[in-house]
Amino acid sequence: MIVIRSDKEDAKEKVEKRKSRSFIPFIKLVLTFLVLFILIPIGITLLLHLPWYLSFIYPYGIVIGIILIISAVWTIYKGIKDLKLTYSASGYENEDELVTTGIYGYTRNPMYFGATILILGWFLVLPFTFILISSVLFLFLFYFTAKSEENQLSQKFGKKYLSYKRKVPLFIPYPKSYKK
């Protein structure tokens, strides 16, 4: 017996399959986050008998921290917006084009840079030692993730990406913008 299925049924099946698988990676991500950036820093703080709260930062750090948090949210927003992502049934997609304009003309990783500023601002608002240790762990994570992504982008875009890489810094932007 031959059964002919329509494309609509295939599309529905793919969406249902994707929905059923999408929850497990999220749980793994949350557990990894909790272990790496909450439990390990708290453990280090307790093991080394470090002060739990860094009180010398408190009264002055709040204003600077709030400014950093607002700047970080704007930086992350611009990084996402400048990617020009489009949404489809299979998720968010890029047009397979190397983005070198906008905020990407100042830093190759604006979302990682923004997240770093966000964590630093969070630490200044709430100066707990475990947040400082988490910040250092996040910096390592962002650096190694960015390097991994750079290898993929070098393979995908070749000389165009290598030229962009020479002109624009990895994380910390400087005023000189990228010119085509």
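Table for the structure above
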read-out	value
Tally, over region 23-50, of residues that are of a type in the set (S, T, N, Q) and under 14 Å from Leu132 (Cα atoms)	1
Of the criteria (1) modelled with pLDDT under 90; (2) assigned to a loop (DSSP other than H, G, I, E, B); (3) surrounded by fewer than 16 Cβ atoms within 10 Å (Cβ to Cβ), which one Ile80 fails	(2)
Condition broken by Val99, with the remaining ones in (1) in contact (Cβ under 8 Å) with a residue 60 or more places away in the chain; (2) not in a helix (DSSP H, G or I) satisfied	(1)
Within region 53-68, considering residues that are hydrophobic (A, V, I, L, M, F, W, C) and over 30 Å from Leu98 (Cβ atoms), the one most open to solvent (accessible area, probe 1.4 Å)	Phe56
Residues of region 106-128 satisfying the condition of being open to solvent by 20 Å² or more (accessible area, probe 1.4 Å), outside any helix (DSSP H, G or I) and under 18 Å from Pro51 (Cα atoms)	Leu126, Phe128
Which listed residue is modelled with pLDDT under 80, assigned to a loop (DSSP other than H, G, I, E, B) and out of contact with any helix residue (DSSP H, G or I) (no Cβ under 8 Å at 6 or more places or on another chain), from Phe56, Phe26	Phe56
Some residue of region 70-85 being over 30 Å from Leu162 (Cα atoms) and more than 18 Å from the chain's Cα centre (by Cα)	no
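The values are calculated or read from the model by the stated rules, or taken from the named source; none is laboratory data. Computed from a predicted structure; not experimentally measured. So basically every Cβ, Gly included, is an ideal-geometry build from the backbone, and we count neighbours across all protein chains shown. The protein model used for the area step is the full one, side chains on, heavy atoms only, and it has no ligands, DNA or RNA in it. Shrake-Rupley method; radii C 1.70, N 1.55, O 1.52, S 1.80 Å.
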